[in-house]
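Coordinate-derived values only; no laboratory data. In this text, all values refer to a predicted model and were calculated from it rather than measured experimentally. Please note: Cβ atoms are built from the backbone with ideal geometry, for glycine as well, and neighbour counts cover all protein chains shown.
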Amino acid sequence: MTILEAGTRAPEFRLLATPDQRLSLRELRGRPVILAFYPADWSPVCGDQMALYNEILTEFQRFDAQMVGISVDGQWCHAAFAESRRLHFPLLADFEPKGAVAKAYGVYRDEDGTSERALFVIDGDGIIVWSYCSPVSVNPGADGILDALESMRAERAEVSL
Amino acid sequence: MSHEQGVLRPDVGAEDHQHGSPDAPVTLVEYGDFQCPFCYRAHPIVMALQRQLGSQLRFVFRNFPITEIHPNALHAAEAAESVNANAGPDAYWKMHHAIFEHQQDSPDALDDTHLVQYAAASGADPVRVKLDLESGAFKEKVKADFLSGVRSGVNGTPTFFINGVRFDGNWTNKGEFGGAIAHAAGVVLTEA
């Protein structure tokens with residue numbers, strides 16, 4: 001699969017964010033969205049990818065950006081995971097049909113039925129401005145995300161001059 | 001993008017806690033959390049490398065407290081900073097070792113009472129450290145470390161940088177981790 005690249009319109013989705021609430025990309029229009037695909041809840045390390053993003057939400061908020069995690073885990077699994085890690089951002093369940101959104105973004109792993117560790121920064125108009133696929137064993141951190149948010153802001157400032 | 005990912009920003013500077021010579025061929029930077037059990041495991045590994053590599057290695061520690069899951073990590077980092085400011089770098093390293101050595105003693109091993117005790121044992125004025133914790137005197141310093149880690153691509157704790165480049169291998173594997181550091185130093189590591 002090939003990961004969708006910058007300049008592409010981000011495929012729409014509407015997935016369960018809690019056991020009874022759905023979240024669509026369209027609802028987030030007007031502000032940047034960080035879409036973080038990860039292989040699975042409950043990876044056995046303490047500073048895992050979602051815990052890290054949780055810790056730096058205030059940095060993302062400086063750009064008015066909404067962090068959204070997404071994996072093929074079901075909504076109940078996400079609920080337990082989010083509670084355990086005290087996550088303050090939504091986790092989407094790409095569960096039924098399994099991995100459909102990951103496939104649309106080009107980040108599904110057929111060999112093990114999960115998604116890649118892949119990051120997308122989407123602008124307020126729904127266009128991908130940055131994407132990155134990390135080796136699945138390497139948590140990509142947040143430096144690339146913040147760089148992308150910064151350059152997006154800088155470009156916008158130029159346009160409005 | 002203008003920056004590569006996983007590259008240390010900013011470079012090691014005067015503000016950093018450094019152990020070893022600035023002229024050493026290898027600088028190992030750890031972003032760590034004093035309450036993280038993985039950092040606890042990494043601590044003796046780093047010390048062993050320091051013994052083995054001697055003057056070839058400079059070790060730098062920056063704070064990366066993951067406070068949502070480690071409620072005492074922020075104060076532990078602030079206490080260590082207070083010790084550094086009040087009693088100097090030698091006391092800082094004593095405090096640094098003391099915190100890790102005691103981390104697993106009990107569930108309250110890193111509460112303020114214990115932190116102040118370790119600070120006193122490290123040679124700092126316990127009252128100053130206690131007041132600094134209460135006033136949050138070093139909160140901003142710790143936060144600055146944390147943000148530099150975020151911009152450097154820290155992806156959990158501990159995260160290591162060898163001469164400014166994130167080490168994505170397995171630090172629990174002595175051969176792999178020590179080998180990467182020794183390679184950067186241009187030496188072959190022998191068993192300690």
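Numbers at a glance
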quantity	calculated
Sequence of B:Tyr40, A:Tyr108, A:Tyr38 once ranked by neighbouring C-beta atoms within 10 Å, starting from the fewest	B:Tyr40, A:Tyr108, A:Tyr38
Loop-resident sites, region B:81-167, for trypsin sites (Lys or Arg not before Pro), counting at most 11 other Cβ within 10 Å (DSSP)	none
Peptide A:107-113 - average C-beta neighbours from other chains (10 Å radius)	0
Zero-based 10 Å bins, Cα pair distances in chain B, whole percents	10, 37, 37, 15, 2
The protein assembly as shown, dipole about Cα centre (Lys/Arg Cβ +1, Asp/Glu Cβ -1), debye to the nearest 20	280
Using a Förster distance of 35 Å, the FRET efficiency for A:Glu111-B:His97 (Cβ separation, nearest 0.05)	0.20
Partner chain coverage, peptide A:142-154 - average Cβ within 10 angstrom	4
Kirkwood Rh and Cα Rg combined as Rg/Rh, region A:14-160	0.95
Helix A:75-85 axis, angle to chain A major axis (alpha carbon atoms, nearest 10°)	80
Where GluC sites (Glu not before Pro) in DSSP loops with at most 12 other Cβ within 10 Å are excluded, longest remaining stretch of chain B	B:16-190
Calculated FRET efficiency for the pair A:Arg29/A:Glu150, C-beta based, R₀ 25 Å, to 0.05	0.75
Exposure proxy ranking, count of Cβ atoms within 10 Å, fewest first, for A:Trp76, B:Trp171	A:Trp76, B:Trp171
Span-rule helices in chain B, defined as complete DSSP H runs reaching 15 Å or more along the axis (Cα) with Kyte mean at least 0.0	B:37-53, B:73-87, B:174-185
27 Å Cα-Cα reach of B:Lys94 towards lysines, excluding residues that sit fewer than 8 places from it in its own chain	B:Lys130, B:Lys139, B:Lys141, B:Lys143, B:Lys174
Range in chain A, longest, excluding exposed GluC sites (Glu not before Pro) [loop by DSSP; at most 14 other beta-carbon atoms within 10 Å]	A:13-110
Fewest-first ranking of A:Met50, B:Met95, A:Met152, A:Met1, using other Cβ atoms within 10 Å as the exposure measure	A:Met1, A:Met152, A:Met50, B:Met95
Inter-label distance, nm, simple model (7 Å from Cα along the C-beta direction), A:Thr8/B:Asp11	3.9
Full-stretch length increase - B:Met47, B:Val165 - with 0.36 nm per residue and alpha-carbon distance subtracted	40.5 nm
Residue mean of other protein chain beta carbons inside 10 Å, B:152-162	5
